[in-house]
Each structure stands twice: as structure tokens, then as C-alpha cells.
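Have a look at the structure below before the remarks.
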Amino acid sequence: MKNEIKICVDMDGVLCDFVTGVADLFGVNTKDLEIRDQLKETWGLEKPFDITDDDMWIVIDDSGLKFWSDLDLFSWAKPLMEILSSHSSQICLLTSPSDNISCIKGKIDWAKRYFPDIPVIPTSEKYFCAHNRSILIDDKESNIEAFKENGGNAFLFPNQWKLKDGEECIYDAYDSIRDILKEMK
């Protein structure tokens, strides 16, 4: 266990659907092809949802912990976690919280519902967990880069809309993660 690989998994965008949660708050139809195309090409929701970042967080914060605890689980989340647990017992959910305290409580409630035995580490400074025996699985490129720059291994998880629309294959992502984990052993 001391030398076992430590696997850090992001929640929003990897395991749960933050974007659709925000879309629901703002009445945005994510089935609209123009919006979907924008979601595939950009990080952030300002352009596709025509909202400011500040307005988005005000509405999310006003929604309280229910917003976070009720986010949808992606269909690929459980199989992904099963694959990861076959490579290591040292897994955590490494998730960036908002500035609102209800976010952390809501994320922990969500995690207890779907992955009750997996600890949650709330931090936006994910690179602090980086070392040569750790891997971060995250959908945000800047988190991946920082983790690698600090000595960790990392996998950039595919864009959820490309996965949902069949432009990328979840099985390719699973295979790539397995390959990285095998290299780390």
C-alpha cells in the first residue's frame, strides 16, 4: 500500500455533469446543435450560455448545496471507477470547490451517494497531490499541465459533448488510462 499508485479523479466533467446542471439553472437547451458545438470547442460557459462567469456563480451559489448534490452521474463514471480500482486501492476524488461553502458539502453528499468509500479532497490546487506515483484524471488542461509540471502523471479526460455525440470513444479513454497505469507499475 505504501508504494501503491495514488489515483486522483476530478468530479465535474469526469464523473458528474456540471455543465448540464448549469444549463438547467439558466434554461439552456444543450440539445441545440449550435450550443453543443460551442461546448465542444471552448472551456467555460460564458459564450455557449451567454452568461458572465460572475452571474453563473451567483445563480449556482443561490441554488445551494442541492445544485452540487443533485448533479447527474455520467454513464461512464462507474465503469471508469471500476477500472481504476482494479489498479489501485488508493483513489480519491480531487475536486475544485467554488467559494461557497455549500459547494463542498454538496460535492461530499454527491460522492457519498455514488462512491461512498472514496474520499473527497476539495482543492483548486490539485498539483499539490502530484508525485511520480500519482495520476490525475481531469478534463481541464491547465490542471493536467500543473500536475505534470509538479512531478505527477496525468490524463486529460475527453470533452463530455464529444463523448456523448460519438466524436470520441470512452473505450479509447479507458484504454489510455489503463496504459498509463501499467507504465506506472
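Readers should treat all values here as calculations from the given coordinates under stated rules, not as data from a laboratory. In this text, all values refer to a predicted model and were calculated from it rather than measured experimentally. Every residue, glycine as well, gets a Cβ built from its backbone with ideal geometry; the counts of neighbours run over all protein chains shown.
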query: Can you list residues whose amide H is under 5 Å from residue 168's amide H, if they're 5+ apart or on another chain and H is modeled 1.01 Å from N?
result: 163
task: Give me the angle, in degrees from 0 to 90, between the Cα long axis of helix 101-114 and the longest principal axis of the Cα atoms of the chain, rounded to the nearest 10.
output: 60 degrees
- prompt: Taking the Cα-to-Cβ direction at residue 73 and at residue 128 and moving 7 Å from each Cα, how far apart do the two end points lie in nm?
  reply: 2.9 nm
- prompt: Using θ = phi - 60° and the Karplus form 6.51 cos²θ - 1.76 cosθ + 1.60, what ³J(HN,Hα) does each residue of region 165-175 get, whole Hz, x for Gly and Pro?
  reply: 8, x, 7, 10, 10, 4, 5, 5, 4, 4, 4
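Treating the beta-carbon of each Lys and Arg as +1 and of each Asp and Glu as -1, no other charges, what is the dipole magnitude of region 75-145 about its Cα centre, to the nearest 20 debye?
Numbers: 8 positive and 9 negative charges, 54 e Å.
That gives region 75-145 a dipole magnitude of about 260 debye.
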statement: Exposure proxy check on 140, 148, 2: fewest-to-most Cβ neighbours within 10 Å is 2, 148, 140
- request: Among 170, 118, 58, determine the one that fluctuates most according to a GNM of the chain built with springs between C-alpha atoms less than 10 Å apart.
  value: 58
statement: Whole-Hz Karplus couplings 3J(HN,Hα) for region 72-85, θ = phi - 60° and coefficients 6.51, -1.76, 1.60, Gly and Pro as x, run 6, 7, 5, 4, 8, 5, 5, x, 4, 5, 5, 4, 4, 5
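Whole number please: convex hull volume per residue of the Cα set in the chain, in Å³? Walk me through the numbers before you get to the answer.
On the way: hull volume 20.7 nm³, N = 185.
About 112 Å³ per residue, rounded to a whole number.
Sum -39500 (n - 2.57) across every DSSP H segment of at least 4 residues in the chain, then divide by the residue count to get the 222 nm mean residue ellipticity, nearest 500. Kindly include the intermediate steps, with their values, before the conclusion.
Details: 10 runs with 90 residues, N = 185.
Helix contribution divided over all residues of the chain: -13500 deg cm²/dmol.
How do 128, 157 line up, fewest other C-beta atoms within 10 Å first?
Details: 128 13, 157 24.
Ascending Cβ contact count within 10 Å gives the list 128, 157.
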statement: With the dipole of region 87-185 defined by +1 on each Lys or Arg Cβ and -1 on each Asp or Glu Cβ, the option from 129, 158, 106 whose Cα lies farthest towards the positive pole is 106
field: Rh by Kirkwood over Cα pairs, then Stokes-Einstein D for region 99-185 at 0.692 mPa s and 37 °C, µm²/s
entry: 225 µm²/s
